[in-house]
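To keep things clear, I will list the structure first and then write my remarks on it.
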């Protein structure tokens, strides 16, 4: 009796585990089945490297290079703003934060991680856009804030994982506190910190709602930090509602490109994880 | 020190000269600022209507059509978000369907006429386009019954949810209840409201089958003349050759309001100015002469 129960339940657990893989497989299948023919119709070259996106024209133009560039610019901006702050926060939290203060900062970080992106988008619209306009800079600032908890959290645990005797050794050799932290501890934790950055990139590049609200969404090559830009995610979300036929397929192909980006980022993350072990 | 003081008025005068097309500025509105052009996403019906009415497209002889909107235009995903963006940026301009107007933003007059259903009905507001249906004189009983539904109070109530209604029969639909099948074809701008009308009609008259095929106004009218469609849909006036063979019935009017921030002193624009702003030929508010 127990053995039957055991067997049934183990199957249930197996099914649960498989559902994740199944969902991923279905998404892949959907993206490839719908995206590849569109890319073939438009021409992979003119799709990926075309600089003009005007799907309602006759004949239509489907070039997503502006959106690829847009995603890269905005993500790079988010990294430039979010990563230094995140790493320094992680160093502070793990090495010199008084316990009383830690009790405030840590839950604060966790809460920031849980704020829905649409709320951050509203914050950007109300506070950042009036200053910097709907621009790459505004989007970068908001995304920088958004990736802070990711970067901080993972960096902090990476720094904490460095054995205490590294620090003690450095101090014994005459290094000051911060010298020991920045010259010994942080380099020892570099794989973990890099993993934090990669996850941050993944979050920033995939963000949609907040970016649509503050980036301006112009489908042309980025011209200035203070001018708007359209990301891959924004392109899909903006136009999916009205798109039909080839336009719709082109949007799915855009999703496919984004998916490949995320895949590369995750492979990078997996490779790093291996190195840490 | 003295020199600096003397130079100040000179600098101020020079600055005034260099401002090109500047004119007196309101304290709260700096006319020298760039116009922040806000548009809708590609494929949006409002955008298509706007571009058609204001001629922001280039057509080539071989049937090609190119949207000439400035690529600098900020793109907003829906009417509500667009209105919030206009309300939040003093120097912005945008466009929405007439029905969505409210007092968070200001609608400018076009060619001297303010945006209202009354002005659209009397023809003085130019940012509007008619939605027509076309039938031949020997249309089927079901087609005629469907048309009488569209023009009835019930049908026009459906129209008024999305567009400006027209003065139809002003009577409730009595119901001829013809059965059978008709095909309605033509303008993709008219099809959405036609779908709604069809849904409402089928509820009253379940015996009828109405098939809607969307393409464009011209092929809708041609298809009706050729007998492929029982009812044609068009979002433009009829040409003389079409008028000879078809009966045109106005079923709705689509109005587009051009909106700006409430603090914007500009209260009236011409169609040409709107075109210039949206194609990027005018980029500063100071270039709009009142």
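The values are calculated or read from the model by the stated rules, or taken from the named source; none is laboratory data. Keep in mind it's a predicted model, so treat the numbers as computed, not measured. Virtual Cβ from ideal backbone geometry, glycine too; neighbours counted across all protein chains shown.
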Do you know which residues across the stretch B:105-121 are in contact (Cβ under 8 Å) with a residue 40 or more places away in the chain, surrounded by fewer than 18 Cβ atoms within 10 Å (Cβ to Cβ) and either within 8 Å of another protein chain (Cβ to nearest Cβ) or assigned to a loop (DSSP other than H, G, I, E, B) (or both)? B:111, B:112
Test: residue A:138 is assigned to a helix (DSSP H, G or I) and within 14 Å of chain B (Cβ to nearest Cβ): yes
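Quick check: is even one residue across the stretch A:96-107 assigned to a helix (DSSP H, G or I) and surrounded by 16 or more Cβ atoms within 10 Å (Cβ to Cβ)? I'd like the intermediate steps shown before the answer.
Quick first cut of the stretch A:96-107, residues assigned to a helix (DSSP H, G or I) only: A:96, A:99-107.
Next cut, surrounded by 16 or more Cβ atoms within 10 Å (Cβ to Cβ) only: none.
No, there is no match, as no residue in the stretch A:96-107 is assigned to a helix (DSSP H, G or I) and surrounded by 16 or more Cβ atoms within 10 Å (Cβ to Cβ).
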Residue count, the stretch B:83-100, condition buried (at least 18 other Cβ atoms within 10 Å of the Cβ) and closer than 20 Å to residue B:127 by Cα, comes to 9
Matching option when the condition is outside any loop (DSSP other than H, G, I, E, B) and at pLDDT below 85, among B:218, B:189: B:218
Select from the stretch B:28-54 the residues that are at the interface with another protein chain (Cβ under 9 Å from one of its Cβ atoms) and not in a strand (DSSP E or B) and write down the one among them that is farthest from residue A:236 (Cα to Cα). B:51
Identify, from the list A:140, A:135, the residue that is under 30 Å from residue A:66 (Cβ atoms), touching a strand residue (DSSP E or B) at 6+ places or on another chain (Cβ under 8 Å) and either surrounded by 21 or more Cβ atoms within 10 Å (Cβ to Cβ) or touching a residue at least 24 places away in the same chain (Cβ under 8 Å) (or both). A:135
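Quick one: is residue A:144 within 20 Å of residue A:195 (Cα to Cα) and assigned to a helix (DSSP H, G or I)? Lay out the reasoning, then the answer.
On the way: within 20 Å of residue A:195 (Cα to Cα): yes; assigned to a helix (DSSP H, G or I): yes.
Yes; evaluated as a whole, the condition is true for this residue.
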Would you please list the contacts, defined by Cβ atoms under 9 Å and residues six or more apart or on different chains, that run from a residue in the stretch A:253-277 that is over 15 Å from residue A:71 (Cα atoms) to a residue that is outside any helix (DSSP H, G or I) and modelled with pLDDT of 90 or more? A:253/A:62; A:253/A:64
Restricting the stretch B:227-281 to residues that are touching a strand residue (DSSP E or B) at 6+ places or on another chain (Cβ under 8 Å) and without any contact (Cβ under 8 Å) to a residue 60 or more places away in the chain, which is nearest to residue B:115 (Cα to Cα)? B:229
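Report yes if some residue within the stretch A:233-246 is in contact with a strand residue (DSSP E or B) (Cβ under 6 Å, 6 or more places away or on another chain), at negative phi, in contact (Cβ under 8 Å) with a residue 24 or more places away in the chain and within 12 Å of chain B (Cβ to nearest Cβ); otherwise report no.
The answer is no, given that none of the residues of the stretch A:233-246 is in contact with a strand residue (DSSP E or B) (Cβ under 6 Å, 6 or more places away or on another chain), at negative phi, in contact (Cβ under 8 Å) with a residue 24 or more places away in the chain and within 12 Å of chain B (Cβ to nearest Cβ).
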Residue B:96 being part of a strand (DSSP E or B) and closer than 25 Å to residue A:124 by Cα: yes
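Would you pick out the residues in the stretch B:68-82 that are under 21 Å from residue B:276 (Cα atoms) and either more than 8 Å from chain A (Cβ to nearest Cβ) or surrounded by fewer than 20 Cβ atoms within 10 Å (Cβ to Cβ) (or both)?
Let us first name the residues in the stretch B:68-82 that are under 21 Å from residue B:276 (Cα atoms), namely B:68-76, B:82.
Within the stretch B:68-82, B:68, B:69, B:70, B:71, B:72, B:82 meet the criteria.
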Tally up the residues in the stretch B:55-67 that are part of a loop (DSSP other than H, G, I, E, B) and more than 7 Å from chain A (Cβ to nearest Cβ), please. 5
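Per-residue answers, yes or no, for (1) buried (at least 16 other Cβ atoms within 10 Å of the Cβ); (2) within 26 Å of the chain's Cα centre (by Cα):
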site	(1), (2)
A:32	no, yes
A:42	yes, no
A:51	no, yes
A:58	no, no
A:71	yes, yes
A:74	yes, yes
A:79	yes, yes
A:84	no, yes
When restricted to A:146, A:125, the only residue surrounded by 15 or more Cβ atoms within 10 Å (Cβ to Cβ), farther than 17 Å from residue A:79 by Cβ and touching a helix residue (DSSP H, G or I) at 6+ places or on another chain (Cβ under 8 Å) is A:125
Scanning for something assigned to a helix (DSSP H, G or I) and in contact with a strand residue (DSSP E or B) (Cβ under 7 Å, 6 or more places away or on another chain), does the stretch A:73-80 turn up at least one residue? yes
Single residue of the stretch A:209-232 satisfying the filter (in a helix (DSSP H, G or I) and more than 7 Å from every other protein chain (Cβ to nearest Cβ)) that is nearest to residue A:68 (Cα to Cα): A:232
